[in-house]
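Reviewing the structure listed below.
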Amino acid sequence: MAFIEIRNLVKRYGKVVAVNNIDLNVEKGEMLTLLGPSGCGKTTTLRCIAGLEKPQAGEIIIDGRSLLAEGFVQPSERGIGMVFQNYAVWPHMKVLKNVAYGLKLQKIPKHKIRERALQVLDMVGLGGLEERYPAQLSGGQQQRVALARALVRNPKVLLLDEPLSNLDAKLREKMRFEIKSLVRRMGMTSVYVTHDQAEAMVISDRIVVMDSGNVVQTGTAQDIYQMPANRFVADFIGTMNFMSGEIISVEAETNSAYVKTEFNDKLLCKTTDGTNLKQGDQVFASIRPEDVEISPDRPETSGNLVAGTIAHKAYLGNFLFFFVTVKGITIRVQVPHYVPLEEGADIYLSLNPEKCMVLV
Amino acid sequence: MPRENISLAAILWAVIAFLVIYPLSVLIIESLRIAGTNEWGFSNYLAFFRDTYYLKTFWNTMVLSTLVLLTTTIFGIPLAYILARYRHRGKTVFTALILLPIVLPAFAGVFAFIIFFGKYGTLNLLLMQFGLTKVPINFIYGIHGLVFIQSLHLLPFIVLSLSAGFTNIDPSFEEAAEVEGASGFRRFITVTLPLCTPSYLAGAVIVFLWPFTDWLTPLILGKVDYLPSVAYINIAYHFTDMNRKHMGIVAVVVSSIVCILLFVLARRWVERKKYTGLSKGTTSEGRVIEPGPIIRYGSYLYMIIVSFVVLLIPIVLGLSAFSRRWVFEPFPTYWTLDNFKLILLESPLLIKNSFLFSGIALIFGVVFGLLAAYVIVRTRIRGNQTLDFIITLMLAFPGMAVGVSYMLAFWNGIPLATHWIIMPIALFARRLPYFLRMAHSSYLQLDISLEEASEVSGVGKFRTFLYISLPLLLKGVLVGVVMFFIMAFQEISTAIFLYKGGWETLPIGIYLNWHRGMEFGIAAAMAFLMIVITFILLLIISRIGGGILKAAWGPGEK
């Protein structure tokens with residue numbers, strides 16, 4: 001039995017379905033990320049776990065305790081810690097009071113409360129700032145106060161709602177690692193919400209990709225990047241070339257299929273296991289820009305070779321991006337920055353059959 | 001710095017100097033004059049603070065202020081919370097009823113409650129009829145009555161400022177408290193209420209200052225040992241006793257100083273304490289809760305009780321306006337239109353005066369307010385913040401102080417007070433901030449690039465103002481126009497010191513007719529007429545402005 005179990009969760013606002021009958025499991029000590037565009041239901045799901053939203057149907061179980069089916073458990077009774085998107089650090093209390101707030105509600109001796117609060121403040125790198133008011137802290141420091149407050153009671157579950165979205169880019173990258181190592185050190189089970197794919201990939205053990213209230217795919221960062229379940233996931237995470245086409249034949253034993261596209265009659269692609277493709281299906285032959293091989297002369301390899309022209313070249317520092325026109329279609333190609341090719345050059349593209357995939 | 005802006009500011013300063021600074025200086029100088037001589041000194045003040053009677057009035061006023069603030073706060077917190085947080089039917093109607101006393105003349109409440117709650121008023125007569133009491137109960141004569149009447153008049157200020165606070169709190173502050181284990185009442189006490197203190201204070205200061213300016217309620221109830229009432233009696237009734245007159249002037253100055261000081265202090269504190277959250281992606285509506293059945297019916301009951309007490313004012317005044325000789329009867333028995341015939345047909349002078357004076361004051365107010373808003377918001381002329389500050393101070397300034405200082409300044413020095421024009425001028429000066437604040441806040445919301453685009457297209461500053469700014473400001477300006485008119489229309493504290501025979505306005509007529517004992521039907525008819533006019537004007541505002549009224553008059557907002 002998983003540490004957090006979510007079964008058939010449904011949350012509607014009037015006629016809008018925010019969370020559409022989803023199932024989720026989070027193992028003990030795991031860091032799970034809910035990833036998706038705004039309005040996909042990720043924050044609503046998190047708020048349902050916290051008890052800040054009342055779902056219409058479904059069950060949430062944390063550590064064997066039912067939170068919905070046997071009567072709605074109030075957020076104050078759930079024993080969770082939560083970091084809010086806008087920190088929600090109370091401006092009328094000093095840092096120490098903010099952090100100690102939850103402890104004061106438990107029957108703990110005063111000096112122990114102070115001791116524990118100071119210890120956690122130290123842990124998040126705010127030692128010595130306990131007598132400040134939040135208005136005297138920077139955004140990053142307020143973020144740390146929020147984190148300390150969420151951790152101080154040693155909650156069973158830590159919930160983080162886009163905690164880094166209000167920080168500037170440099171600080172955000174630094175905080176990703178800090179949060180990850182802190183949470184891992186404490187062995188805490190946590191659910192993290194973000195719309196930033198890079199953040200999700202750095203921080204989580206597993207990622208749940210959501211779209212329009214549904215779970216689209218669950219897996220490690222690597223799974224999701226290399227074997228996206230569908231076009232939505234592939235497009236949301238990383239960059240992908242999508243070439244619309246039609247299945248000509250399915251090679252079941254090698255998990256591959258031939259696709260007829262506008263520029264190539266027979267493109268060999270991998271298929272995702274479990275998809276029931278058949279001849280005549282409208283699909284997308286897809287390949288990531290960094291998986292396309294480019295050469296000025298016709299290479300030896302025979303499979304999936306197409307000819308094109310470099311229409312546009314973009315210099316991005318550590319690599320180059322070519323926009324290659326192949327019979328009116330643009331394919332993006334990422335190559336190392338030293339590749340000596342210019343706009344207007346006629347070249348060959350090799351779409352590696354091992355990397356090319358069929359997506360719906 | 002463009003030259004026309006400088007001359008504009010100079011004109012505004014000249015108006016302020018003539019209508020505010022000059023008369024107030026005269027008032028202060030007069031308070032320093034030793035009675036009957038041409039010598040000056042602090043002896044008046046020393047005498048005032050050595051006299052146990054005046055000290056007692058000062059202390060009484062303080063106690064009354066504290067009690068009124070406590071009462072309005074205790075009744076206002078649940079009311080504001082219900083209005084701001086609970087989703088319920090009839091929200092607009094209840095809000096309008098609860099806020100109604102803001103626009104009702106303060107004296108209307110006193111008269112209505114004397115008729116209803118008096119010794120042989122409706123309630124006592126009914127109680128005795130049903131045998132619930134043998135002797136009449138004293139509902140209003142005493143400090144409890146004062147607290148009751150003033151609290152009802154001031155409750156809207158607390159409700160407005162607190163509900164603005166409850167609405168504007170970032171919901172995640174409260175959610176964080178819930179997640180941390182604090183539910184319900186504890187969350188309210190430790191997080192919600194403290195976060196509301198700045199906006200609460202903005203309303204609380206207005207409430208606290210009111211007993212320092214309201215001379216009429218204590219006077220009518222026969223409890224005159226309060227600073228403003230004593231000042232009024234000393235100045236208006238005992239002008240031949242130089243000593244008492246000067247004590248009255250000192251009392252006016254002392255209450256003015258208390259008002260200004262507290263107002264400025266509270267404003268400073270609010271500015272410093274303003275809690276701004278990192279609101280992002282939060283709803284502007286704030287947190288709205290669906291209450292359970294017990295709380296829902298409880299809050300309905302509470303709102304109905306408050307609304308009923310408010311509604312008593314127009315109902316009771318209406319009953320006595322359409323009747324004659326309504327005494328020792330719980331309800332009138334003789335119905336007549338004579339009272340209205342009298343005030344509308346036989347002596348319509350008062351109505352004419354009221355409209356004329358308030359109308360002229362309004363024209364002054366709009367011209368001055370628009371120009372001042374422009375100078376304060378759009379130019380960086382040195383001293384424009386001081387200008388704003390002085391005008392805002394008029395919000396806290398007792399009406400009696402304006403009246404007395406005009407009486408002193410424009411009688412001997414500059415003999416303006418011999419002409420009726422003094423009436424609209426005084427009304428204009430007294431209600432100075434009301435239109436300006438409206439124009440000011442709509443001007444702040446007007447993106448300057450809209451005006452710049454017009455100037456870049458080759459249109460001059462004045463025409464830009466006419467063609468671009470004014471149409472865009474129109475909504476706020478119209479609400480300000482109506483609000484200014486309502487406040488000028490019901491003004492009495494200043495006008496009572498300045499009117500001469502033939503210059504009486506409706507409020508003055510009400511006051512005088514009430515004094516004539518059995519003629520309170522006429523006074524009630526006038527008051528009822530005023531309430532009807534005010535109500536029609538309010539309907540117009542809500543048509544134009546909708547939520548603007550609440551937004552602009554929430555005292556927490558600047």
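The values are calculated or read from the model by the stated rules, or taken from the named source; none is laboratory data. Keep in mind that what you see is a predicted model, and the values were worked out from it rather than measured. Positions of Cβ are backbone-derived with ideal geometry, glycine not excepted, and every protein chain shown enters the neighbour counts. With ligands, DNA and RNA removed, areas are computed over all heavy atoms of the protein, side chains included. Shrake-Rupley method; radii C 1.70, N 1.55, O 1.52, S 1.80 Å.
Volume per residue, Å³, of the convex hull around the alpha-carbon atoms of the range B:112-182? Kindly include the intermediate steps, with their values, before the conclusion.
On the way: hull volume 11.0 nm³, N = 71.
Normalising the Cα hull of the range B:112-182 by residue number yields 155 Å³.
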For this session: Give the residue from A:H195, A:I247, A:V95 lying farthest towards the positive end of the charge dipole for chain A; charges sit on Cβ (+1 for Lys and Arg, -1 for Asp and Glu) and the dipole is referred to the Cα centre.
Result: A:V95
Exercise. Can you list the HN-Hα couplings for the range A:188-199, worked out from phi with the Karplus curve (6.51, -1.76, 1.60; θ = phi - 60°), rounded to whole Hz and with x for Gly and Pro?
Worked result: 8, 7, 9, 10, 10, 10, 7, 10, 9, 5, 5, 4
Exercise. How many angstrom separate the Cα center of the range B:401-470 from the Cα center of the range A:230-246?
Worked result: 63
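Summarise the partner chain shielding of A:97-107 as one whole number: the mean count of Cβ atoms from other chains within 10 Å of each residue's Cβ. Present the calculation step by step, with values, prior to reporting the outcome.
Values: counts 1, 2, 1, 0, 7, 6, 2, 4, 7, 1, 0.
So the per-residue partner count for this stretch is 3.
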Problem set entry | Percent accessible area from carbon and sulfur atoms, the range B:140-181, protein chains only, probe 1.4 Å | 70
Problem set entry | Nearby aspartates and glutamates by direct alpha-carbon distance to A:K170 (threshold 15 angstrom, same-chain neighbours under 8 apart not counted) | A:E178, A:D196, A:E199
Exercise. What's the extension gain from A:S249 to A:N20 if we count 0.36 nm per residue and subtract their Cα-Cα distance?
Worked result: 78.9 nm
For this session: Report, as an integer, the average count of C-beta atoms from other chains found within 10 Å of each Cβ along B:166-176.
Result: 5
Problem set entry | Under 27 Å between alpha carbons - lysine pairs in the range A:236-360 that sit 8 or more apart or on different chains | 15
Problem set entry | Estimated D of the protein assembly as shown in µm² per second, where Rh is the Kirkwood radius over Cα pairs and Stokes-Einstein applies at 4 °C, 1.567 mPa s | 39
Exercise. When we measure straight from the Cα of A:K156, which lysines land under 25 angstrom away, once same-chain ones fewer than 8 places off are left out?
Worked result: A:K11, A:K28, A:K42, A:K54, A:K97, A:K104, A:K107, A:K110, A:K112, A:K180
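Sum up the charges of everything whose Cβ sits under 10 Å from the Cβ of A:E131, counting Lys and Arg as +1 and Asp and Glu as -1, but leave A:E131 out. Could the numbers behind the result be given before it?
Details: positive: A:K94, A:K97, A:R132; negative: A:E130.
Summing Lys/Arg as +1 and Asp/Glu as -1 gives +2.
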Exercise. Hey, how many Å between the Cα centroid of the range A:268-300 and the Cα centroid of the range A:1-35?
Worked result: 33
For this session: Give the distance, in whole Å, between the Cα centre of the range B:129-144 and the Cα centre of the range A:317-334.
Result: 92
Exercise. If each of B:I295 and B:V459 carries a label point 7 Å out from its Cα toward its Cβ, how far apart are those two points in nm?
Worked result: 5.1
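What is the range B:296-433 by shape, rounded, prolate or oblate, if you read a ≥ b ≥ c off the alpha carbon gyration tensor as root eigenvalues and call it rounded for a/c under 1.5, prolate for a/b larger than b/c, and oblate otherwise?
Details: a/c = 2.81, a/b = 1.51, b/c = 1.86.
It is oblate, given that a/c is not under 1.5 and a/b is not larger than b/c.
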For this session: Apply the Karplus parameterisation 6.51 cos²θ - 1.76 cosθ + 1.60, with θ equal to phi minus 60°, to every residue of the range A:241-252 and state each ³J(HN,Hα) to the nearest whole Hz, in sequence, with x for glycine and proline.
Result: 8, 10, 10, 6, x, 9, 5, 9, 8, 10, 9, 4
For this session: Just tell me how shielded A:83-95 is by partners: mean number of partner chain Cβ atoms within 10 Å of each residue's Cβ, no decimals.
Result: 6
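Report the gain in length on full extension from B:Y467 to B:T92: 0.36 nm times residue separation, minus Cα-Cα distance, nm rounded to one decimal. Write out the running numbers ahead of the final one.
Numbers: separation 375, 0.36 × 375 = 135.00 nm, distance 3.48 nm.
Stretched fully, the B:Y467-B:T92 segment lengthens by 131.5 nm.
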Exercise. In units of 2.2 N^0.38 Å, what is the alpha-carbon radius of gyration of the range B:187-318?
Worked result: 1.55
Exercise. Treating the beta-carbon of each Lys and Arg as +1 and of each Asp and Glu as -1, no other charges, what is the dipole magnitude of the range B:227-377 about its Cα centre, to the nearest 20 debye?
Worked result: 540
Exercise. Is the shape of the range B:1-157 best called rounded, prolate or oblate, per the rule: a/c under 1.5 gives rounded, else a/b larger than b/c gives prolate, else oblate, with a ≥ b ≥ c the square roots of the Cα gyration tensor eigenvalues?
Worked result: oblate
Problem set entry | Accessible carbon and sulfur surface of chain A relative to its total accessible area, %, 1.4 Å | 48
Problem set entry | Those trypsin sites (Lys or Arg not before Pro) in the range A:68-116 that DSSP places in a loop and that have at most 14 other beta carbons within 10 Å | A:K107
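For a protection proxy built on the mean count of beta-carbon atoms within 10 angstrom, sort B:524-535, A:349-360 highest first, please. Present the calculation step by step, with values, prior to reporting the outcome.
Details: B:524-535: 23.2, A:349-360: 19.6.
Highest to lowest by the protection proxy: B:524-535, A:349-360.
Excluding A:K54 itself, calculate the net charge of residues whose Cβ lies under 12 Å from the Cβ of A:K54, where each Lys or Arg counts +1 and each Asp or Glu counts -1. Please list the in-between numbers first.
Working: positive: A:K11, A:R12, A:R47; negative: A:E53, B:E290.
Within the 12 Å Cβ shell, the charges total +1.
For chain B, what class follows from the C-alpha gyration tensor (a ≥ b ≥ c being the square roots of its eigenvalues): rounded when a/c is under 1.5, otherwise prolate if a/b is larger than b/c, else oblate? Don't skip to the end; give the middle numbers.
Numbers: a/c = 1.42, a/b = 1.05, b/c = 1.35.
Rounded is the answer for chain B, as its axis ratio a/c remains below 1.5.
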Seminar exercise, completed: trypsin sites (Lys or Arg not before Pro) in the range A:244-348 lying in a DSSP loop, each with at most 16 other Cβ atoms within 10 Å of its Cβ, come to A:K266, A:K278, A:K327
Seminar exercise, completed: From DSSP H assignment alone, runs of 4+ in the protein assembly as shown each adding -39500 (n - 2.57), the sum over residues rounded to the nearest 500 puts [θ] at 222 nm at -16000 deg cm²/dmol
Exercise. Each residue of the range B:343-359 in turn: what ³J(HN,Hα) in whole Hz from Karplus with 6.51, -1.76, 1.60 and θ = phi - 60°, glycine and Pro shown as x?
Worked result: 7, 8, 9, 6, 9, x, 4, 4, 5, 4, 4, 4, 5, 5, 5, 5, x
Problem set entry | Two-site label geometry, A:I108 and B:Y120: point separation in nm, points 7 Å out along Cα→Cβ | 7.1
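Show me you know the interface measure: the accessible area buried between A and B, both chains summed, probe 1.4 Å, in Å² to the nearest 100. Walk me through the numbers before you get to the answer.
On the way: alone 17520 and 25530 Å², together 40890 Å².
Buried: approximately 2200 Å² between B and A.
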For this session: With r as the distance between the Cβ atoms of B:D338 and B:I315 and R0 = 25 Å, compute the FRET efficiency 1/(1 + (r/R0)^6) and round to 0.05.
Result: 0.80
Problem set entry | Global size of the range B:443-517 as Cα Rg and Dmax, reported in angstrom | 21.0, 67
For this session: Excluding residues fewer than 8 places away in the same chain, name every one of the lysines whose C-alpha is closer than 17 Å to that of B:K475.
Result: B:K550
Exercise. What ranking of A:H111, B:H88 comes out by heavy-atom accessible area, probe 1.4 Å, highest first?
Worked result: A:H111, B:H88
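At a Förster radius of 56 Å, what calculated FRET efficiency corresponds to the Cβ-Cβ distance of A:R184 and B:L446, to the nearest 0.05? Can you show the working numbers first?
Working: r = 53 Å, r/R0 = 0.94.
Once rounded, the FRET efficiency stands at 0.60.
Given Cβ point charges of +1 (Lys, Arg) and -1 (Asp, Glu) and nothing else, what value in debye, to the nearest 20, does the dipole of chain A about its Cα centre take?
2280
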Exercise. For the range B:1-87, which whole percent of the accessible surface, found with a 1.4 angstrom probe, sits on carbon and sulfur atoms?
Worked result: 73
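Accessible area per residue of the protein assembly as shown at 1.4 Å probe, in Å²?
Heavy-atom SASA per residue in the protein assembly as shown reads 45 Å².
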Problem set entry | Leading residue at positive end of dipole, chain B (Cβ point charges), from B:V306, B:H440, B:V191 | B:V191
